[in-house]
2 protein chains.
Amino acid sequence: MNLDNLFNAAQEAFLFYKNVSGQEKGAFLEKLADTLESNREEIVSLAVIESNLPEGRINGELGRTVGQIRLFAKVVKEGSWIEATIDPAMPDRTPLPRADIRRMLTPLGPVVVFGASNFPLAFSTAGGDTISALAAGCPVIYKAHPAHPKTSQKVAECIHEAILKTNMPSALFTHVEGGIPEGQALVKHPLAKAVAFTGSHAGGKALFDLANQREEPIPVYAEMGSVNPIFCFSKKLQNENDVLAKAFVASLTLGVGQFCTNPGLIFVPKSQAKAFEKAIADELNDIASAPMLHPGIAEAYYNSIQYLQSREELRWVKVADAQHLINGSTALAEIKASDWLQDTVFQKEVFGAFAMMVVYENEDELIEIAKHLHGQLTVTIWAEQEELQDQLFLLNLLEEKCGRLLFKGVPTGVEVGYAMQHGGPYPSTTNARSTSVGVYAIKRFARPIAFQDMPQELLPDALKDGNPLGIWRMVDGEFEK
Amino acid sequence: MNLDNLFNAAQEAFLFYKNVSGQEKGAFLEKLADTLESNREEIVSLAVIESNLPEGRINGELGRTVGQIRLFAKVVKEGSWIEATIDPAMPDRTPLPRADIRRMLTPLGPVVVFGASNFPLAFSTAGGDTISALAAGCPVIYKAHPAHPKTSQKVAECIHEAILKTNMPSALFTHVEGGIPEGQALVKHPLAKAVAFTGSHAGGKALFDLANQREEPIPVYAEMGSVNPIFCFSKKLQNENDVLAKAFVASLTLGVGQFCTNPGLIFVPKSQAKAFEKAIADELNDIASAPMLHPGIAEAYYNSIQYLQSREELRWVKVADAQHLINGSTALAEIKASDWLQDTVFQKEVFGAFAMMVVYENEDELIEIAKHLHGQLTVTIWAEQEELQDQLFLLNLLEEKCGRLLFKGVPTGVEVGYAMQHGGPYPSTTNARSTSVGVYAIKRFARPIAFQDMPQELLPDALKDGNPLGIWRMVDGEFEK
């Protein structure tokens with residue numbers, strides 16, 4: 001398909017769709033959720049074949065995808081997300097009268113979305129990026145991930161079925177296949193107004209650079225993953241050694257370690273290191289190797305492991321078994337904090353079920369670690385509450401390094417809700433001021449516009465006197481409904 | 001001063017200041033407003049000398065600057081701006097329990113602010129960028145504009161006096177002088193987390209590129225100005241020819257045309273062009289030339305005019321009189337819409353009191369113009385309401401091209417309030433999803449962070465059970481206070 005035709009159609013769809021009410025946008029999204037549900041069997045069986053992920057997991061992922069769509073439908077039907085803000089006119093103000101000024105969010109325009117290999121449904125064709133862009137009012141040009149083309153096509157068909165049934169313009173969603181050059185061409189097109197991506201650092205950064213080099217730079221929301229460190233304190237490990245080892249290994253190895261938030265780095269106090277390491281090793285030995293998403297990912301995993309094996313600072317507790325090329329095998333290496341601090345290569349994500357256990361001597365080292373830590377999607381702290389009483393400085397440092405700070409549990413299992421933040425300081429994402437999961441993801445694809453002295457008849461309903469949509473608005477600085 | 005020392009001190013100040021309450025941040029800002037007021041005479045006399053702007057204007061600008069500071073003080077004292085969002089735990093949810101997740105905005109860290117030449121107070125040392133960054137919780141490293149060094153130093157002294165009197169860390173604000181290399185070095189420093197700039201397109205774009213080329217890219221909020229077109233409809237001009245000509249010229253020539261939002265481009269229907277042009281020319285002839293901000297700006301103005309004079313598409317109604325090198329003299333040229341559409345150079349801002357009047361033949365041409373128009377801070381429409389009934393498509397196109405759409409009055413005189421949007425699509429700014437004027441400007445300098453299962457004692461007050469700050473929060477998807 002000719003790219004200009006594709007984008008011109010998307011732009012035309014945009015100028016129609018931006019005026020569609022929140023009720024109608026919500027109905028379209030709900031129809032999409034229904035359509036996916038009624039095609040569950042076929043979608044799941046395709047995704048299982050193409051991703052090597054087990055059926056239970058894919059079924060759950062479809063449930064999550066559908067739930068996410070229904071949540072965004074609810075948000076756009078309710079309508080308050082557009083931040084309607086009204087400063088009424090003050091004709092009698094001195095020395096100068098105040099004009100009537102009304103502000104709201106307006107959608108950016110056509111958005112290019114790149115699918116992720118590790119979530120063939122929830123972060124792919126009808127995943128969070130696509131749905132939050134559609135919810136915001138933006139058409140989506142979707143670049144399918146080559147690892148699951150049939151799943152992607154099937155889901156795209158469901159989107160078009162929902163479009164058809166709710167009388168939306170068909171160019172609201174365009175499914176594009178291809179490799180890197182095709183993806184780059186989409187990002188470069190003048191009518192593209194934003195990019196969303198979930199994947200590797202190299203891929204996300206390349207798109208970010210490309211988008212900034214355009215004649216009109218556009219925002220790139222690239223979620224590039226991270227090592228999601230866990231900071232362990234001694235009393236906590238003393239009290240819950242085996243439970244925490246089990247939880248750690250379960251989170252590390254979930255989906256063969258192919259989660260953006262799986263914890264590839266764990267900081268352990270010297271006093272507890274031996275016992276904890278043994279418990280982890282015991283758990284790891286129970287984990288059978290399993291097929292990764294595709295051979296390229298397995299190859300990259302073993303290449304990273306191979307490089308790390310050449311580093312003498314590491315002591316290997318469990319070595320990955322690379323005999324099956326597609327299979328991911330767990331691995332664990334230990335390193336002293338003083339060595340870890342010397343080389344940032346030890347912070348690099350190894351996508352798969354590998355963890356680095358860093359043994360620290362004292363709290364001064366923890367502070368140094370926190371200062372040197374790269375930006376992360378998540379940081380987890382395992383401590384008894386009393387161990388944190390004097391750690392405000394450390395907590396403050398760690399807050400600077402992540403988008404989500406956990407005090408219990410594990411970082412995998414990203415909840416889709418209102419308060420979720422999935423996105424952290426660079427290099428975990430290219431835009432820490434946004435999230436790719438949860439309701440706030442919609443705001444990535446909108447920008448504010450103010451109308452000054454616009455006649456009531458021409459104002460969008462969201463900004464009209466009398467609040468016909470019944471949404472929350474800020475009027476003269478006060479929230480009201 | 002050594003840059004590492006400077007930024008290390010700012011970072012240390014940041015880790016203290018981010019934990020300072022909104023009440024205390026507000027008290028600091030209020031003390032700053034008071035301090036500026038009590039130094040009004042000296043500040044105004046310095047700014048008048050250094051900017052060539054009249055005393056009345058500078059006095060007004062100081063009032064606006066102080067009012068802006070008090071507004072941000074109110075916002076941070078009230079506290080709801082941080083978007084506190086709470087999804088309470090659901091321990092009994094099946095199949096999986098939900099963790100307790102709480103989200104809020106957290107400040108980015110040290111911010112580099114560049115002062116503007118055209119607003120020595122309101123967009124400079126204690127101007128909107130500095131104040132919104134400080135309100136958000138970020139220390140500011142301020143690069144003074146070389147056109148008004150003494151004014152800048154004096155205002156910086158006032159900031160330090162307010163810092164001292166409210167026991168804030170002195171590195172909360174650092175005043176830096178220098179030229180382009182010094183400014184670039186600030187943007188490149190690893191501890192800088194954001195940049196704010198008001199000025200030329202070349203300057204803003206260079207900083208944007210520099211910030212994106214860092215090892216850790218950081219956001220650049222560059223407000224680079226625009227030509228702020230006015231679209232005139234025939235009945236409106238018929239009815240108010242002279243009044244509108246007067247309003248147009250007043251806005252065009254305000255401050256010798258040195259406003260980001262002055263209207264340098266006006267689209268006029270052929271039927272009214274002669275009468276309107278004559279009325280404008282009459283008004284322009286009454287405007288005496290006046291000194292511009294500095295000789296460099298005057299030189300750039302006359303160079304632009306000189307280039308345009310070489311273009312045969314333009315017919316000159318009033319030629320600028322360049323005999324006084326520092327003085328800005330008004331100028332007006334007319335061009336056919338069909339010619340204007342052929343070359344984007346006719347969209348380039350000429351910083352000063354020059355306007356291009358574009359004469360259009362029909363509504364099809366208006367649609368073409370709207371499609372070709374570059375991103376603008378503002379677009380103004382002068383039409384009788386009935387003339388817009390069938391213009392929804394045009395209005396939609398124009399919305400895509402601006403941050404503020406006016407239906408009465410003139411684009412200069414940017415109100416500082418809740419609903420103001422000062423920022424539009426590229427090239428008018430580098431980030432159309434933000435504003436540099438008004439309350440929402442604070443959000444540029446913060447990012448979301450989520451706390452998962454954090455003990456009450458360690459949570460920020462904004463997210464504690466019982467809402468001790470009494471702010472608006474979203475709990476389980478519903479706003480409450």
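The values are calculated or read from the model by the stated rules, or taken from the named source; none is laboratory data. Everything numeric here is computed off the predicted structure, so don't read it as measured data. All Cβ positions, even for glycine, are placed from backbone atoms using ideal geometry, and neighbour counts span all protein chains on display. The accessibility values were calculated without ligands, DNA or RNA, using every heavy atom of the protein model including side chains. Shrake-Rupley method; radii C 1.70, N 1.55, O 1.52, S 1.80 Å.
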- request: Test B:Thr94 against the criterion of being hydroxyl-bearing (Ser, Thr, Tyr) and more than 25 Å from B:Ala13 (Cα to Cα), and give yes or no.
  value: yes
message: Of everything in region B:2-13, what is loosely packed, with under 13 Cβ neighbours inside 10 Å and either in a helix (DSSP H, G or I) or within 29 Å of the chain's Cα centre (by Cα) (or both)? Give them in sequence order.
response: B:Asp4, B:Asn5
message: For B:Phe16, only one of the following conditions fails: (1) within 14 Å of chain A (Cβ to nearest Cβ); (2) crowded, with 21+ Cβ neighbours inside 10 Å. What is its number?
response: (2)
message: As an exercise: evaluate B:Leu373 against (1) within 27 Å of B:Asn241 (Cβ to Cβ); (2) open to solvent by 10 Å² or more (accessible area, probe 1.4 Å); (3) more than 8 Å from chain A (Cβ to nearest Cβ) and give the number of the one condition it does not meet.
response: (2)
- request: Please find, within region A:303-330, the residue that is least open to solvent (accessible area, probe 1.4 Å) out of those that are modelled with pLDDT of 95 or more and assigned to a loop (DSSP other than H, G, I, E, B).
  value: A:Leu314
- request: Could you figure out which of (1) in contact with a helix residue (DSSP H, G or I) (Cβ under 6 Å, 6 or more places away or on another chain); (2) aliphatic (A, V, I, L, M); (3) assigned by TED's automatic domain parsing to the domain that holds B:Ala73 isn't true of B:Ala202?
  value: (1)
query: Which of the residues belonging to region A:138-161 are buried (at least 24 other Cβ atoms within 10 Å of the Cβ) and within 25 Å of A:Lys18 (Cβ to Cβ)?
result: A:Cys138, A:Pro139, A:Val140, A:Ile141, A:Tyr142, A:Lys143, A:Val155, A:Ile159
task: For region A:428-444, indicate whether the set of residues that are more than 28 Å from B:Glu478 (Cα to Cα), β-branched (Val, Ile, Thr) and either surrounded by fewer than 22 Cβ atoms within 10 Å (Cβ to Cβ) or facing chain B (nearest Cβ under 8 Å) (or both) is non-empty.
output: yes
field: Whichever residue in region B:388-406 is open to solvent by less than 30 Å² (accessible area, probe 1.4 Å) and more than 8 Å from chain A (Cβ to nearest Cβ) and, among such residues, is nearest to the chain's Cα centre (by Cα)
entry: B:Leu398
message: Quick check on this structure: which one of B:Ile230, B:Ile218, B:Ile266 is surrounded by 19 or more Cβ atoms within 10 Å (Cβ to Cβ) and farther than 30 Å from B:Leu395 by Cβ?
response: B:Ile218
statement: In region A:82-98, anything facing chain B (nearest Cβ under 9 Å), open to solvent by 20 Å² or more (accessible area, probe 1.4 Å) and of a type in the set (A, V, I, L, M, F, W, C) is listed as A:Leu96
- prompt: A:Gly63: at positive phi and either within 14 Å of another protein chain (Cβ to nearest Cβ) or assigned to a loop (DSSP other than H, G, I, E, B) (or both), yes or no?
  reply: no
field: helices (runs of 4 or more DSSP H) contained in region A:127-209 and holding at least 1 residues farther than 22 Å from A:Asn2 by Cβ
entry: A:128-136, A:149-165
message: Which numbered condition in (1) outside any strand (DSSP E or B); (2) away from chain B (no Cβ under 14 Å); (3) not polar (S, T, N, Q) is the only one that A:Ala333 fails?
response: (1)
field: Selected residue (only one of B:Lys278, B:Lys235, B:Lys205, B:Lys246 is closer than 26 Å to B:Ala133 by Cβ and either touching a Lys or Arg at 6+ places or on another chain (Cβ under 6 Å) or open to solvent by 20 Å² or more (accessible area, probe 1.4 Å) (or both))
entry: B:Lys205
task: Tell me which of these B:Pro455 doesn't satisfy, since it passes every other one: (1) over 31 Å from the mean Cα position of the chain (by Cα); (2) touching a residue at least 12 places away in the same chain (Cβ under 8 Å).
output: (2)
message: I'd like to know if region B:282-302 contains one or more residues that are within 14 Å of chain A (Cβ to nearest Cβ) and surrounded by 24 or more Cβ atoms within 10 Å (Cβ to Cβ).
response: no
- prompt: How many residues does region A:210-263 hold that are in a loop (DSSP other than H, G, I, E, B) and among the hydroxyl-bearing types (Ser, Thr, Tyr)?
  reply: 2
- prompt: Considering only residues of region B:407-421 that are under 13 Å from B:Gly128 (Cα atoms) and open to solvent by 10 Å² or more (accessible area, probe 1.4 Å), which is nearest to the other protein chains (Cβ to nearest Cβ)?
  reply: B:Glu415
